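Peer 1: Below is one structure. I have some questions about it.
The values are calculated or read from the model by the stated rules, or taken from the named source; none is laboratory data. Everything quoted here is computed from the prediction, not taken from an experiment. Cβ sites come from the backbone with ideal geometry, for glycine too, and all protein chains shown count toward neighbours.
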Amino acid sequence: MSKAIRLYEHGGADRLRWEDYPVPAPGKGEVLVRHSAIGVNYYDIYVRSGLYPQALPTGLGNEAAGNVVAVGKGVRGFRVGDRVAYQGAAGAYAEERVIAADLLVKLPRDLSVEQAAAVLLKGLTAWCLLRRAYPVRRGSVVLVTAAAGGVGLILGQWARALGATVIGVVGSGAKAALAKRSGCRHVIVGYEGMAAKVRSYTKGKGVDVVYDGVGKDTFMAGLDCLKPLHLMVSFGNASGAVPPVSPLELMRRGSLFLTRPTSADYLRDPATRRRAARELFSQIRRGKIRVVIGQRFALRDAALAHAALEGRQTTGSILLLP
């Protein structure tokens with residue numbers, strides 16, 4: 001038996017249950033991982049609340065790092081003792097779990113398990129956004145909402161490393177300095193008047209791409225920040241889901257494009273996932289991306305972590321420690 005956080009009904013953070021959970025031996029193609037650190041993401045809240053439907057009961061969490069403690073038949077490339085991390089597999093809020101070996105990436109020696117758990121899901125999300133959804137290059141002008149959040153901090157740093165000019169939007173003055181240190185040339189505090197300020201910074205031209213992780217409160221203003229024929233990337237719902245929008249709104253603002261990506265589609269192939277992880281780890285080793293761990297909670301206190309994240313009381317990444 002191991003301890004895990006389980007969800008039996010959708011609702012608030014008080015629905016999370018800390019309980020014993022049976023851990024089977026790894027089967028063919030699987031490994032048993034003992035977690036050392038677990039990442040907390042908005043996706044976990046969307047599952048808990050029911051915004052992203054998932055059959056119940058279920059575990060929560062999609063990102064963790066730790067050590068391989070047992071290997072099933074047919075597994076190649078991993079052995080007991082390896083330090084590994086993964087993202088995109090529900091059930092990470094646990095002391096131990098069995099997982100398909102194809103989902104794992106090995107950690108380089110100079111990356112800690114806490115760094116890996118704090119950065120992998122968010123970093124691979126940033127890779128999908130910056131390298132695939134809209135390939136940022138030198139001279140690009142990008143807008144990042146929630147620029148002091150877990151994904152936002154990585155987006156700002158990585159976009160700057162690619163040669164882009166980054167405009168960040170944060171919810172409070174306390175977060176502005178962090179966003180400024182993490183790649184943003186300009187930082188806007190608060191969402192009111194966002195489009196006018198972006199137009200001022202860009203001399204009326206607008207930006208090439210908006211990476212919007214906030215959702216309802218920033219979506220329409222984000223459209224107003226774009227150059228004609230450019231792209232809105234809506235990837236999160238921190239303030240709530242974006243209401244239905246007419247395609248005419250895209251036409252009226254200059255024949256804009258809109259995408260709502262999920263990293264699961266971009267990272268289906270294990271080889272692609274590992275290549276993306278290598279790019280991410282390389283940026284960290286070169287000092288282009290600094291992993292910011294803002295808060296740590298005991299695994300049993302996952303409900304407190306959710307409450308802090310929903311209350312916008314966090315910066316950077318949140319970890320649960322078994």
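Peer 1: Restricting the first residue to the range 18-41 and requiring it to be touching a residue at least 60 places away in the same chain (Cβ under 8 Å) and on the phi < 0 side of the Ramachandran plot, which pairs with a second residue that is outside any strand (DSSP E or B) and aromatic (Phe, Trp, Tyr) meet a Cβ separation below 8 Å and a spacing of at least six or different chains?
Peer 2: 31/78; 38/93
Peer 1: Quick one: residue 74 ticks every box in (1) surrounded by 15 or more Cβ atoms within 10 Å (Cβ to Cβ); (2) more than 22 Å from residue 263 (Cβ to Cβ) except a single one, so which number is it?
Peer 2: (1)
Peer 1: Given (1) touching a Pro at 6+ places or on another chain (Cβ under 6 Å); (2) in a loop (DSSP other than H, G, I, E, B), identify the lone condition not met by residue 70.
Peer 2: The number of the failed condition is (2).
Peer 1: Mind checking which residues of the range 257-278 are surrounded by 13 or more Cβ atoms within 10 Å (Cβ to Cβ), part of a helix (DSSP H, G or I) and touching a residue at least 24 places away in the same chain (Cβ under 8 Å)?
Peer 2: Of everything in the range 257-278, those that are surrounded by 13 or more Cβ atoms within 10 Å (Cβ to Cβ), part of a helix (DSSP H, G or I) and touching a residue at least 24 places away in the same chain (Cβ under 8 Å) turn out to be 263, 266, 270, 273, 274, 276, 277.
Peer 1: Out of the residues in the range 60-96 that are of a type in the set (S, T, N, Q) and under 23 Å from residue 20 (Cβ atoms), which is farthest from the chain's Cα centre (by Cα)?
Peer 2: Selected residue: 67.
Peer 1: For the condition closer than 26 Å to residue 44 by Cβ, touching a strand residue (DSSP E or B) at 6+ places or on another chain (Cβ under 6 Å) and not assigned by TED's automatic domain parsing to the domain that holds residue 223, what is the one hit in 155, 129?
Peer 2: Numbers: 155 fails: not assigned by TED's automatic domain parsing to the domain that holds residue 223.
Only one candidate passes the filter, namely 129.
Peer 1: Would you pick out the residues in the range 1-60 that are among the aliphatic types (A, V, I, L, M) and in a loop (DSSP other than H, G, I, E, B)?
Peer 2: Selection gives 1, 23, 25, 51, 55, 56, 60.
Peer 1: Just one of (1) under 20 Å from residue 122 (Cβ atoms); (2) touching a strand residue (DSSP E or B) at 6+ places or on another chain (Cβ under 7 Å); (3) in contact (Cβ under 8 Å) with a residue 24 or more places away in the chain trips up residue 178, so point out which.
Peer 2: (2)
Peer 1: Among the helices (runs of 4 or more DSSP H) confined wholly to the range 134-244, which include 1 or more residues that are among the small types (Gly, Ala, Ser), touching a helix residue (DSSP H, G or I) at 6+ places or on another chain (Cβ under 9 Å) and surrounded by fewer than 24 Cβ atoms within 10 Å (Cβ to Cβ)?
Peer 2: Answer list for the range 134-244: 150-161, 194-201, 219-223.
Peer 1: For the range 239-257: of the residues being of a type in the set (A, V, I, L, M, F, W, C) and within 24 Å of the chain's Cα centre (by Cα), which is nearest to residue 45 (Cα to Cα)?
Peer 2: The selected residue is 241.
Peer 1: Within the range 20-36, can one find any residue that is over 21 Å from residue 118 (Cα atoms), under 24 Å from the mean Cα position of the chain (by Cα) and acidic (Asp, Glu)?
Peer 2: The first filter runs over the range 20-36 and keeps only residues over 21 Å from residue 118 (Cα atoms), leaving 20-31.
Within this subset, residues satisfying the condition of being under 24 Å from the mean Cα position of the chain (by Cα) are none.
Checked against the condition, which is being over 21 Å from residue 118 (Cα atoms), under 24 Å from the mean Cα position of the chain (by Cα) and acidic (Asp, Glu), the range 20-36 yields no hits at all.
Peer 1: Next question, about the same structure. Please determine whether any residue of the range 310-321 is in a helix (DSSP H, G or I) and under 17 Å from the mean Cα position of the chain (by Cα).
Peer 2: Yes, because at least one residue in the range 310-321 is in a helix (DSSP H, G or I) and under 17 Å from the mean Cα position of the chain (by Cα).
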